[in-house]
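Have a look at the structure below before the remarks.
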Amino acid sequence: VTAGVVSYKGSNMLKIYTTSGRHSSGALDLNKFTSKATDYSVMWKQYYGASSSYKVGMMLRAGKVVGNSTAGYAQGFRSGYLFIANNDPSGGNTTFRIYKSTESTNLNSLVTQGAALQTSQGTPVWYRVSVNGYPIVNLTFEYSTDGENWIIGAQTVDASGSFQSGSTQIAWGLDATASNFFLDDITFDGVTFDPTAVKGVMS
């Protein structure tokens with residue numbers, strides 16, 4: 001068992017591409033993180049561009065690619081627990097959603113909760129998503145406006161234990177076509193059964 005912190009850090013922020021895929025959704029594998037993660041969290045800093053509705057988040061314990069031209073919610077999506085922040089800068093709030101991604105063309109919603117999180121252009125918001133336990137799986141979605149003090153946006157339990165371990169994906173879209181947002185300082189912190197996983201911090 002390996003425990004540690006691995007991160008994507010640098011002088012440039014990640015800019016997501018616009019996709020024409022199903023549901024205007026896209027996915028990006030974070031191959032620097034282990035593909036055999038069990039109990040872990042992923043934290044990232046996010047900036048929003050022009051005022052629009054954005055849906056972006058992370059897939060944890062991601063398994064095989066289930067999204068293709070006929071199956072899965074969107075092309076490239078893996079199976080796993082999907083955490084999505086639905087942010088509408090003009091609406092003054094953010095909706096935190098946790099789903100299960102499978103071969104079904106619909107996402108199985110586990111929980112949706114709203115928070116009075118008002119974002120503005122160029123001002124960072126930090127997000128942290130966590131998955132712990134099996135077969136009773138605890139799922140937590142948190143946010144912070146300073147990177148230090150955390151507030152729970154959504155929390156639930158999956159008693160069916162659908163996914164035990166896996167990799168991590170960035171996912172976005174879900175019928176929100178805007179992609180003018182930027183991600184920075186994406187960090188993995190947790191446990192893996194991958195003996196080749198890197199211990200410590202990579203920058």
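The values are calculated or read from the model by the stated rules, or taken from the named source; none is laboratory data. Just so we're clear, the structure is a prediction, and the values are computed from it rather than from any experiment. Cβ atoms come from the backbone with ideal geometry, glycine included; neighbour counts cover every protein chain shown. SASA here: full protein model, heavy atoms, side chains in, ligands and nucleic acids out. Shrake-Rupley method; radii C 1.70, N 1.55, O 1.52, S 1.80 Å.
Hey, if you put +1 on the Cβ of every Lys and Arg and -1 on every Asp and Glu Cβ in segment 46-203, which of A154, Y54, I98 ends up farthest toward the positive end of that dipole?
It is I98, whose Cα lies furthest towards the positive end.
Given Cβ point charges of +1 (Lys, Arg) and -1 (Asp, Glu) and nothing else, what value in debye, to the nearest 20, does the dipole of the chain about its Cα centre take?
For this selection, approximately 380 debye.
Working with all protein chains in place, sort F188, F182 by solvent-accessible area computed with a 1.4 Å probe, largest first.
F182, F188
Each residue of segment 20-27 in order: what ³J(HN,Hα) in whole Hz does its phi give by Karplus 6.51 cos²θ - 1.76 cosθ + 1.60, θ = phi - 60°, with x for Gly and Pro?
Working through the residues one at a time gives 9, x, 4, 6, 6, 10, x, 9 Hz.
If amide H atoms are built 1.01 Å from N in the plane of the peptide, which residues on other chains or at least 5 residues away come under 5 Å of the amide H of S52?
Under 5 Å from the amide H of S52: S90.
With a sphere of radius 9 Å drawn around the Cβ of Q169, what net charge do the other residues whose Cβ falls strictly inside it have (Lys, Arg +1; Asp, Glu -1)?
Net local charge, Q169 excluded: 0.
Find which of A71, N31, N132 sits farthest along the positive direction of the dipole of the chain, computed with +1 on the beta-carbon of Lys and Arg, -1 on that of Asp and Glu, about the Cα centre.
Ranked along the dipole, the leading option is A71.
Test of understanding: what is the full-extension gain from A71 to N93, defined as 0.36 nm times their sequence separation minus their Cα-Cα distance?
Using 0.36 nm per residue and subtracting the Cα-Cα distance, I get 4.7 nm.
For Y17 and W150 in the same chain, what is the full-extension length gain: residue separation times 0.36 nm, less their Cα-Cα distance, in nm?
Stretched fully, the Y17-W150 segment lengthens by 45.0 nm.
If you roll a 1.4 Å probe over the chain with all protein chains in place, what percent of the accessible area is carbon or sulfur?
It is 48 percent, rounded to a whole number.
Could you count how many Lys pairs in the chain have their Cα atoms under 25 Å apart, skipping same-chain pairs fewer than 8 positions apart?
25
Note down the accessible area of T95, probe 1.4 Å, to the nearest 10 Å².
30 Å²
Any idea of the accessible area per residue across segment 1-155, 1.4 Å probe, to the nearest Å²?
Value for segment 1-155: 43 Å² per residue.
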